[in-house]
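Quick notes on the structure that follows.
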């Protein structure tokens with residue numbers, strides 16, 4: 001279930017809409033209280049809905065604090081305001097808001113913005129997961145252990161050269177090549193040339 005933090009000194013209408021849509025909603029009456037709730041290490045809010053006009057700390061100040069903070073700086077934020085001026089909307093987006101809604105808000109419009117923001121956040125999370133390759137990270141760590149000579153040999157292995165041809169290319173004996181290969185296999189945690197070549201291809205060292 002999507003969990004929303006609503007920071008608004010007049011939360012009744014928006015809170016009732018969110019409840020009607022089935023969202024779990026927590027309310028803060030001003031920017032200070034909202035930041036305290038969000039910065040709690042146990043907080044797990046998926047979206048923040050932040051009103052611009054509030055006492056003590058307004059939405060602009062709260063937005064800046066959240067975006068510059070160390071805890072949850074990238075949490076999705078929808079700004080709310082009664083001002084419909086175009087410059088206010090541009091200012092909100094430039095300061096780090098993800099969406100911007102002008103009061104009074106139609107229930108369908110609020111729902112559409114939350115759903116769109118949720119989808120975008122999920123896409124970004126999936127993209128980040130796909131970019132992270134734990135196998136490649138392990139290979140990179142092992143590759144860093146290789147000497148410059150061993151890395152050079154690894155490129156020849158990936159190209160499919162025999163020990164004798166590698167020796168000729170580097171002007172070293174086959175015995176020396178074999179010794180280097182033994183060290184390479186051990187550092188890369190592989191058992192043969194095929195596996196070593198796979199590592200080289202994966203890391204694009206050829």
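Structure summary
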{"quantity": "Matching residues in region 133-163 - criterion: being closer than 12 Å to residue 197 by Cα and not in a helix (DSSP H, G or I)", "calculated": "159, 160, 161"}
{"quantity": "Residue within region 54-71 that is in contact (Cβ under 8 Å) with a residue 24 or more places away in the chain, in contact with a helix residue (DSSP H, G or I) (Cβ under 7 Å, 6 or more places away or on another chain) and within 18 Å of residue 118 (Cα to Cα) present", "calculated": "no"}
{"quantity": "Subset of region 177-193 (residues that are touching a helix residue (DSSP H, G or I) at 6+ places or on another chain (Cβ under 9 Å) and surrounded by fewer than 15 Cβ atoms within 10 Å (Cβ to Cβ))", "calculated": "178, 189, 191, 192"}
{"quantity": "So residue 45, is it modelled with pLDDT of 90 or more, part of a loop (DSSP other than H, G, I, E, B), assigned by TED's automatic domain parsing to the domain that holds residue 120 and within 23 Å of the chain's Cα centre (by Cα)", "calculated": "yes"}
{"quantity": "Which numbered condition residue 61 fails, given (1) surrounded by fewer than 16 Cβ atoms within 10 Å (Cβ to Cβ); (2) part of a strand (DSSP E or B)", "calculated": "(2)"}
{"quantity": "Tally, over region 164-180, of residues that are within 15 Å of residue 148 (Cβ to Cβ) and assigned to a loop (DSSP other than H, G, I, E, B)", "calculated": "1"}
{"quantity": "Qualifying positions in region 105-121 - at pLDDT 85 or above and either in contact with a helix residue (DSSP H, G or I) (Cβ under 8 Å, 6 or more places away or on another chain) or surrounded by 11 or more Cβ atoms within 10 Å (Cβ to Cβ) (or both)", "calculated": "105, 107, 109, 110, 111, 112, 113, 114, 115, 116, 117, 118"}
{"quantity": "Residue among 75, 14 that alone is surrounded by 17 or more Cβ atoms within 10 Å (Cβ to Cβ) and not in a helix (DSSP H, G or I)", "calculated": "75"}
{"quantity": "Region 154-185: number of residues that are within 36 Å of the chain's Cα centre (by Cα) and over 20 Å from residue 136 (Cβ atoms)", "calculated": "1"}
{"quantity": "Residues satisfying the stated conditions in region 29-49, i.e. touching a helix residue (DSSP H, G or I) at 6+ places or on another chain (Cβ under 9 Å) and farther than 22 Å from residue 117 by Cβ", "calculated": "30, 32"}
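The values are calculated or read from the model by the stated rules, or taken from the named source; none is laboratory data. All figures in this text were calculated on a predicted structure; none of them were measured in a lab. Reconstructed Cβ throughout: ideal geometry from the backbone, glycine too, with neighbour counts over all protein chains shown.
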